[in-house]
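Heads up, the thing below is written out as structure tokens.
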There are 2 protein chains.
Amino acid sequence: MTFEDLARALEAAIARDDRDAIAQRVAELNPADMADFIENVRQPELEIELLMALPLERRADTFGYLPLPVQQQLASRLPPAVLAELVTAMPADERADLFNVLDEGVRRLLFTRLAREEREDLRRLASYEEGTAGAVMTSDYAAVPNGLTVAEALETLRLTAPDKETIYQAFVVDKDHRLKGVISLRELILAVPSSRVDDLMEREVVSADVSTSQEEVARLISRYDLLALPILNSGGKLVGIVTYDDAMDVAEAEATEDMHKGATVGKLDASFREASPLSLYRSRVHWLVVLVFANIFTGAGIAFFEQTISAHIALLFFMPLLVASAGNAGAQSATLMVRGLATGDVSARDWAKLLGREILVAGALGLTMAAAVMVVGVFRAGPEIAAVVALTMMLVVMIGSLIGMGLPFLLDKLKFDPATASTPLITTLADVSGVLIYFGLATVLLGI
Amino acid sequence: MTFEDLARALEAAIARDDRDAIAQRVAELNPADMADFIENVRQPELEIELLMALPLERRADTFGYLPLPVQQQLASRLPPAVLAELVTAMPADERADLFNVLDEGVRRLLFTRLAREEREDLRRLASYEEGTAGAVMTSDYAAVPNGLTVAEALETLRLTAPDKETIYQAFVVDKDHRLKGVISLRELILAVPSSRVDDLMEREVVSADVSTSQEEVARLISRYDLLALPILNSGGKLVGIVTYDDAMDVAEAEATEDMHKGATVGKLDASFREASPLSLYRSRVHWLVVLVFANIFTGAGIAFFEQTISAHIALLFFMPLLVASAGNAGAQSATLMVRGLATGDVSARDWAKLLGREILVAGALGLTMAAAVMVVGVFRAGPEIAAVVALTMMLVVMIGSLIGMGLPFLLDKLKFDPATASTPLITTLADVSGVLIYFGLATVLLGI
């Protein structure tokens, strides 16, 4: 059955108030789907009832799939004992995320009901800055001391498995909890039980630091196809792991943020679907206003050439397509560069090679565009204006492309996020250059 | 040691021609890093030598991390017997990808040297359309027949493990190879050995069809945090899996493609770094030319109002910032919508809610922008023109936003890719509307 079928069956069971059917349907729904269902119920009592119809482990799993604001709401309505039980069953990273958003009162009430181990874990995870490996990692990793045989390591994993986020990668640590190596469960299962883990483990372990950015963490996991990336504290001790599924979420969120930045949309307080009008307004108004004032320069450029324009009013016809072409070419280059830098496909070292290629490509594009616009120009305004228009087109497409390529590079060099070189900013710069070049050339070549 | 340190040590060993040191360094480098190193050597003989310095399994692993064009080149230079050995050791999905790009001659030579099983597997995988689950899946999945005990299932996994891409998810199939359930290796290890797999396995398995798009596959894996998604053929039989690491690559490639589309950049023949100038030119020129002709409408709009403009030349000063603001607001809305649709955050069903919110947000943005521009207008051109400018701003920001939000929705409804509603297209539409509204209002309110 598809998610929709199961969801409809559950709805029907709820409508009939058939407890047995509800329990059965609830058990069939995947936790991610169940979370979706609960989120869309929008009946406070039913939300709690559905959640409580799940066995504890599945309840914790489902709860983790709910968006944080929904988790927060539900948490404030659950009896403290039930909440404590639920929170204890959650993975350490999700528990820490929930704690960060709980109201002070709920948090304190809950804190006293947790075991000491969980309390300390929460304090530690809460101490890392948002957006770092420390803040996204979980402390529920599988570690085995060095010096064990394969059989002993397997037994250790088996005993600790229920509390671990993954047991498919076992991290081998010395008595100071320093990371010595990694071995997969697959290798352990295939190995001779009496052989030593230290002889089989991979010693060159890809790892990150608690302060590494979450984007970098996601990139490492994707580059090396890891199931889990070990995270070390500043003293070199193993303190957590980030798993591939969290890395996928980070990568998706980063791509979304970069796309939004590319259109001068700032950070939202929730997903786009759930964002409040005020949050959307705030995320958009800032750059719109900044760019209005930037565009005053374009207006001033036009005003400066008022005499030329009055003398050759036909020039105006071509202005939009010239400045738009500069902006479009710039947006293309900027987007290629920004994304290339974000995925690690290109790096600042490649600038000479990329610049050479860009000049070649932009030159060819400029020529094509000049030819296209020349034809229109001759028919519309005669050969003289057509020549000015074609020459301008050639120049502005090249200049737009070079601004589009250069600005992200420059920002990257200066340690800013290249995604800030957003399309509207590039377009505005291209507009100003376009107007100045166009009417400047016209003044020189056609006279006033 | 970091990748850079290891790479430098390897370089030094190569420079000294120290075979032992080379072999040692090569063994230390992670396959992904080793592939990077080989790719950047740019000395044909050394490339082959380094590859052959690796033990077979690691060689196949490293080879798989090389970009396809490099794989293709190397394959054409390896002796057929060596290539056959390498190809046999590759995972089925990577082998199929390589086969698709091999020259006919190499392919035929190689084909005769492969075992029948691999040949049939290649034929089957090659038959699926690019971009579908069938084309990205691997046939190296771990399956166990139904009816086994946990101990028997574990033994089956252990025996088949060396050839499988992952054994952490075991798919339970009946005698017709129909998917009956899934059980994780973790559950098997924790279970009582004599218990039956059929009683423990998850029966509601998230799966996809061979014809499902690769984006949808990546979305399912990310949504349900899967290690591997089972793929069924049209007869409902299990034929392959897509693993999380391939899904991460697909998601990254999809995000890149969507960003490129957003700036009217078409498909490249390689990564941006490796793309040829001709490929870049081709990917960019198409839309640039289309948009030039679209911008002729804006020019025509201006030309239509030449009399108004001549009578009130001061209007020109405000034109760039008005049309740019419309375009910027439109780009913001379009980007939010396109990304929301791509990630599944919003769907076409949400249109009424989103439209209402957009009118609210765009109205507030329009008012803010009108106020900002009003101040400039009064100082620059007096209250009359300032009033026209402010009113225009209010209208164009709203219209730009609604175009930006509406077009991706419309494309989605018509089963086109909403990412085609690229920023330059929205900007062009906003430009035309902006010019018509501005000079239209001016003509009515100020006269000619």
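A few notes on this one:
- Cβ-based charge dipole, chain B, positive-most Cα from B:P277, B:T335, B:L86: B:T335
- Annotation: amide H of A:T212 within the under-5 Å range of A:A133, A:G134, sequence separation 5 or more or interchain, hydrogens built in the peptide plane.
- When the square roots of the Cα gyration tensor eigenvalues are ordered a ≥ b ≥ c, the ratio a/c for the range B:277-446 is 1.5 or more and a/b does not exceed b/c, which makes its shape oblate.
- A straight Cα-to-Cα reach below 19 Å connects B:K413 with the aspartates and glutamates B:E215, B:E216, B:D258, B:D345, B:D350, B:E358, residues fewer than 8 places away in its own chain not being considered.
- Chain B residue nearest the rotation axis toward A, with distance: B:A255, 2 (Cβ to axis, whole Å).
- Shape category assigned to the protein assembly as shown from the gyration tensor of Cα positions, a/c cut at 1.5: prolate
- Dividing the mean sequence gap of close Cα pairs (under 8 Å, 6+ apart) by how many residues the range B:143-253 holds gives a relative contact order of 23 percent.
- Helical contribution to [θ] at 222 nm, DSSP H n ≥ 4, -39,500 (n - 2.57), averaged over chain A, rounded to 500: -22500 deg cm²/dmol
- Distant-in-sequence amide H partners of A:G181 (H built 1.01 Å from N, under 5 Å): A:V172
- Each of A:A142, A:L102, B:G299 was placed along the dipole of the protein assembly as shown (beta-carbon charges, centred on the mean Cα), and the one lying farthest toward the positive end is B:G299.
- In order along the range A:137-152, the phi-based Karplus estimate (6.51 cos²θ - 1.76 cosθ + 1.60, θ = phi - 60°) of 3J(HN,Hα) comes to 6, 10, 8, 8, 9, 9, 10, 10, x, 6, x, 7, 7, 4, 5, 5 Hz; Gly and Pro are listed as x.
- Residue-span extension gain [A:S127 to A:A151] - 0.36 nm each, minus C-alpha spacing: 4.9 nm
- Most fluctuating residue given options B:K413, B:K261, B:K353, as computed from a GNM of chain B linking Cα atoms under 10 Å: B:K353
- Distance (nanometres) between label positions extended 7 Å along Cα→Cβ at A:E39 and A:E117: 3.2 nm
- Reachable aspartates and glutamates from B:K237, criterion Cα separation under 14 angstrom, eight or more residues apart if same chain: B:D174, B:D176, B:D209
- A:A115 label point (Cα plus 7 Å toward Cβ) to equivalent points in the other copies: 4.7 nm, shortest first.
- The range A:38-129: GluC sites (Glu not before Pro) in DSSP coil with no more than 12 other Cβ atoms inside 10 Å: A:E129
- Burial order of peptide ranges B:185-191, A:194-200 (average beta-carbon count within 10 Å, highest first): B:185-191, A:194-200
- Separation in nanometres of the label points that stand 7 Å from Cα toward Cβ, at B:V70 and A:V192: 3.7 nm
- Simple spin-label estimate for B:H177 and B:L109 gives 3.2 nm between the two label positions (7 Å along the Cα-to-Cβ direction from each Cα).
- Separation between Cα centres of the range B:329-366 and the range B:233-250, rounded to whole Å: 33 Å
- Exercise: per-residue mean of other protein chain Cβ atoms within 10 Å, B:237-247: 2
- Gyration tensor verdict on the range B:143-253 (Cα atoms; rounded if a/c is under 1.5, prolate if a/b is larger than b/c, oblate otherwise): prolate
- Value of relative contact order over chain B, rounded to a whole percent, pairs C-alpha under 8 Å and six or more apart: 11 percent
- Rounded to 5, percent antiparallel among DSSP beta bridges of the range A:143-253: 70 percent
- Dipole magnitude (debye, nearest 20) for the range A:143-253, charges at Cβ of Lys, Arg, Asp, Glu: 360 debye
- Rounded to whole Hz, the Karplus (6.51, -1.76, 1.60) HN-Hα couplings of the range A:309-314, x for glycine and proline: 5, 4, 5, 10, 4, 4
- Amide H contacts of B:A143 (H built 1.01 Å from N, under 5 Å, at least 5 apart or other chain): B:F171
- For chain A: Kirkwood Rh in Å [reciprocal of mean 1/r, alpha carbons]: 26.6 Å
- The phi torsions of the range B:11-28, fed into the Karplus equation with coefficients 6.51, -1.76 and 1.60 and a -60° offset, translate into couplings of 4, 4, 4, 5, 4, 7, 6, 8, 4, 4, 5, 4, 4, 5, 4, 4, 6, 7 Hz, rounded to whole numbers, with Gly and Pro shown as x.
- Using a 7 Å Cα-to-Cβ projection, A:L278 label spacings across copies, nm, ascending: 5.8
- For residues of A:217-225, the mean tally of beta carbons on other chains within 10 Å: 4
- Most fluctuating residue given options A:D140, A:D258, A:D103, as computed from a GNM of chain A linking Cα atoms under 10 Å: A:D103
- Projecting 7 Å from Cα along the Cα-to-Cβ direction, the label point of B:A15 sits 7.7 nm from its equivalents in the other copies, listed shortest first.
- Under 18 Å from B:K415, Cα to Cα: lysines that are on another chain or at least 8 residues apart: B:K261
Bear in mind these aren't lab numbers, they're just calculated from the coordinates by the rules spelled out. Quick caveat: nothing in here was measured; it's all calculated off a predicted structure. All Cβ positions, even for glycine, are placed from backbone atoms using ideal geometry, and neighbour counts span all protein chains on display.
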